[in-house]
Amino acid sequence: MKSPFKYVLLSATVAALLSACATAPAAAPAAPAATAAGAAAATEVPAAAPAAGGEVIRFYSSLPLTGSSAAQSITLVNAIKMAIEQQTDAGKVCEGKFTIDYQSLDDATASAGQWDASQEQANANKAVADPDAMVYIGTFNSGAAKVSIPILNQATPPLVMISPANTNVGLTKPFDAGEPEKYYPSGKRNYVRVVTADDVQGSIAAKWAQSLGIKKIYILDDTQVYGKGLADVFEKTAKEIGLEVAGRDGIDGKASDYKALATKIKGTGPDAIYFGGITQANAGQLLKDIRAAGITGKFIGADGILDKAFIEAAGSDVAEGVIATLGGTPKGDLPEKGKKFYTDYAAKFGGEPEAYAIYGYESASVAIKAVSTVCKKDRQAILDAVFATKDFEGVLGTWSFDERGDTSLSGMVGNEVKGGAWTETGALTFK
Amino acid sequence: MQDSALNAPSKPPSTATKLESRRKMGRALLVVCIAYLALLIGQPAGLDVPRIATDIANNPSAIPQQLVTGIANGAIIAIIALGYTLVYGIIELVNFAHSSVFMLGSFTSLLALSFFINKSSNGAISAPFWAALVCFIPAMIVCALLNAGIEKVAYRRLRDAPKLIVLISAIGMDFILQNVGLQLGALGKLPQVSPIFNQLSVMGSNNASPKSFPQIFSNNNLLDAIYPNFPVRVTVADVMVVTVAIVLMVALRWFVQNTRAGKAMRATAQNRNAAMIMGINIDSIITLTFLIGGALAGAAGMMFGLYNGTAVFTMGFTAGLRAFTAAVLGGIGNITGAALGGIIIGIVAAFSDQYLSVRWTNAWVFLILVLVMVFRPTGLLGQEGGEKA
């Protein structure tokens, strides 16, 4: 007689699969391993239910909600929801003619532990195919933007993309060969970003390093779009200002340890190490191995490691003293609206938001203002209105977009890990 | 009648040796061609001989240092490779789930160590030395049972199925275990639910993020005793990893060569049906093999965590890939071969990082594998038919 246990197990498995299919929204996991995490993370969260009698305008956001970047992305999603709540009448704009519906998409997969190209492509295609979609707030990682900008650009009509966090230069300005034209196949721009690009960040970082008395620096990158671009800018500036480059290497984000690399770096005797890359490319392990090899010089990074996940990955004792740059203004110098953002966020969600939350708020504010100005459900009109943003008085200050989609803000803030948390050290102003 | 087979006509001796020497010359020419091509086009991949020569001249202490790193990393890879090779030898299956068992072993040892953790004021977590030795036991036991369980659930029924089917079952098992590891990471959220779970905070706040191991071995250079600031660093961790690896390898070899169960394992590996006829219980021998393989994976997981200080649910992928490569390099099915392959891969990776290019290290490691496979398809120590240790 066949074992009944086998049938029980089989039916339990089928039941579990069916219930997972029922609750899993339309996120397309790239690998079977992602299904479990995909079901949990791809949340569809309407900020306001579309009321009867109002047409729906949908905002999509595409952020890495799986993996260790989730903590930061969740604060961005919260900030966007808060913006919609504060600046619309329960989601209604244009005297109730339209209702803004917000859906948050996940562009990361569990198996990658960070953003995934096929997932981002699926998100972009979903937004393009949705006739109610008017604004795409994303992405967090510059590499993901390279995937989705062309998709949104080639749609008829094109969908505007507002990025709260992409800093790679080539997305809007000439950098590598063919950039930025190759992201805009239709010839017209559809991408803006509220954050300063890496041409400023990389060069300020080099000048900052020099101002700290560093003479010889070893440059590392995580071989991704953002990290390598940033490290290239840093290297170029370092050579211009007379900072000696001890060496340049790219790390494998999936490697288990970097002991051999740490020995190699130690052999060149640098005063400091610059890392262009994100936490999710194993930056924590890299720092651990560098310190274990006995290299005591400063570890300098950028906005890619400016999250709690980095301190957790490296260990708060090892991460002590790490410094990083971030585009923006020191919290004390923010306009009233900016300071109010932080108090409002703490009151509504409890706790401090991570570094990029305020940019998420600003992106959503720009989108809401554009929709309220145009008062038409027309992607091209909204796109033009977003690009026409001039002297916008937002939480980041008063700023405008230029014709390339870059912000007029160019301030940089220094941050350091003190006592197990990131704290601001002040604005970085170097000529 | 019996003699005719023995006196089969053979080629005259001169033609045979001429063919042999021609083949040898052809091989040598091929090696020279490959070396020439490698030097010619290897430059973008880091093979820049003048630069390497100046590097070595400027910094001679890097060579022994990278040897130390390479041997320590190689030891961990070797232990994982032993698991692959044992299972392959017995049932001719590449057990892809082995790398995930290794990852779960690392997580288990972290959970076991969490009972002994002391947190210091600056956030550093550490644990006493004896805790490390004690925690090997639960890690090895859990992984051994897990591996045996996998065999019973996923492989036993498919023992007479085509090899491809079992392979797919193994890959599926690998994905399942990876996700189990991912969800285990969620245990770190339990301290928010209730303080009785406080020690689970060692699992961190996010499923997918890396978890830190406590610092058990001091980071001091043992060789400083010779004279201070000795250029080559050898720490307690390096010595521990190599010692544990050697102990495990010697114990395994003793077990396989000198015990009855070991002899039964060798017999089953040689010819399963003949072993069955001899009265060996195949099912228990295969279960025993999986138990031993799992225990080795658990030990490797703990060693990896203590040595590198981190555990993350994707660690099985990279480590497993290198370990499988090591097993194949040394001759799959051969225990000494797996150990040798592991050391070779560890050393090649370390030297490639130092002298060639970090970005190309993976390429160089697998190039070595390809070359060995081309010239010796059964691996370095493998033989036709696959004899075990």
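Among the numbered conditions (1) more than 9 Å from chain B (Cβ to nearest Cβ); (2) within 22 Å of residue B:357 (Cα to Cα), the only one that residue A:310 does not meet is (2). Quick one: would you say residue B:290 is buried (at least 24 other Cβ atoms within 10 Å of the Cβ), closer than 26 Å to residue A:314 by Cβ and of a type in the set (Phe, Trp, Tyr)? The answer is no for residue B:290.
Determine, yes or no, whether residue B:366 is in contact with a Phe, Trp or Tyr (Cβ under 7 Å, 6 or more places away or on another chain) and more than 9 Å from every other protein chain (Cβ to nearest Cβ). No; evaluated as a whole, the condition is false for this residue. Residue check: residue A:274 meets all listed conditions (1) more than 10 Å from chain B (Cβ to nearest Cβ); (2) under 22 Å from residue B:215 (Cα atoms); (3) hydroxyl-bearing (Ser, Thr, Tyr) but one, namely (2). Kindly provide the set of residues from segment B:111-145 that are under 26 Å from residue B:287 (Cα atoms) and touching a helix residue (DSSP H, G or I) at 6+ places or on another chain (Cβ under 6 Å), ordered by number. Once the filter is applied, which keeps residues that are under 26 Å from residue B:287 (Cα atoms) and touching a helix residue (DSSP H, G or I) at 6+ places or on another chain (Cβ under 6 Å), segment B:111-145 yields B:112, B:135, B:136, B:138, B:139, B:140, B:142, B:143, B:144. In this structure, residue B:221 does satisfy being more than 29 Å from residue A:278 (Cα to Cα), within 9 Å of chain A (Cβ to nearest Cβ), of a type outside the set (Ser, Thr, Tyr) and over 24 Å from the mean Cα position of the chain (by Cα).
Residues of segment A:219-257 that are surrounded by fewer than 20 Cβ atoms within 10 Å (Cβ to Cβ) and within 13 Å of another protein chain (Cβ to nearest Cβ): A:223, A:228, A:246, A:247, A:248, A:249, A:252, A:254.
Restricting segment B:310-354 to residues that are more than 16 Å from residue B:366 (Cβ to Cβ), within 14 Å of chain A (Cβ to nearest Cβ) and of a type in the set (Val, Ile, Thr) leaves a set whose member that is nearest to the chain's Cα centre (by Cα) is B:314.
Could you list, in sequence order, the residues of segment B:109-165 that are of a type in the set (Gly, Ala, Ser) and not in a helix (DSSP H, G or I)?
The answer is B:120, B:121, B:123, B:124, B:126, B:127, B:161.
Could we say that residue A:361 is buried (at least 24 other Cβ atoms within 10 Å of the Cβ), within 24 Å of residue B:204 (Cβ to Cβ) and aromatic (Phe, Trp, Tyr) here? The answer is no for residue A:361.
With respect to the stated conditions, residue B:266 fails to be in contact (Cβ under 8 Å) with a residue 60 or more places away in the chain, among the basic types (Lys, Arg) and either outside any helix (DSSP H, G or I) or facing another protein chain (nearest Cβ under 10 Å) (or both). Check segment B:284-298 and report whether any residue there is closer than 30 Å to residue B:186 by Cα, within 11 Å of chain A (Cβ to nearest Cβ) and not polar (S, T, N, Q). No, the conditions are met nowhere in segment B:284-298. Examine segment B:219-229 for a residue that is within 23 Å of residue A:286 (Cα to Cα), in a loop (DSSP other than H, G, I, E, B), out of contact with any Asp or Glu (no Cβ under 9 Å at 6 or more places or on another chain) and hydrophobic (A, V, I, L, M, F, W, C), and state whether such a residue exists. Checking segment B:219-229: not a single residue is within 23 Å of residue A:286 (Cα to Cα), in a loop (DSSP other than H, G, I, E, B), out of contact with any Asp or Glu (no Cβ under 9 Å at 6 or more places or on another chain) and hydrophobic (A, V, I, L, M, F, W, C). Considering only residues in segment B:47-76 that are among the aliphatic types (A, V, I, L, M) and within 11 Å of chain A (Cβ to nearest Cβ), the one that is surrounded by the most Cβ atoms within 10 Å (Cβ to Cβ) turns out to be B:76. Summed over segment B:166-215, the residues that are more than 10 Å from chain A (Cβ to nearest Cβ), hydrophobic (A, V, I, L, M, F, W, C) and assigned to a loop (DSSP other than H, G, I, E, B) give a count of 1.
A short reminder: the numbers here are calculations on the coordinates, not readings from a lab. Being a predicted model, the structure only gives us computed values, none of them experimental. Backbone-built Cβ (ideal geometry, glycine too); neighbour counts: all protein chains shown.
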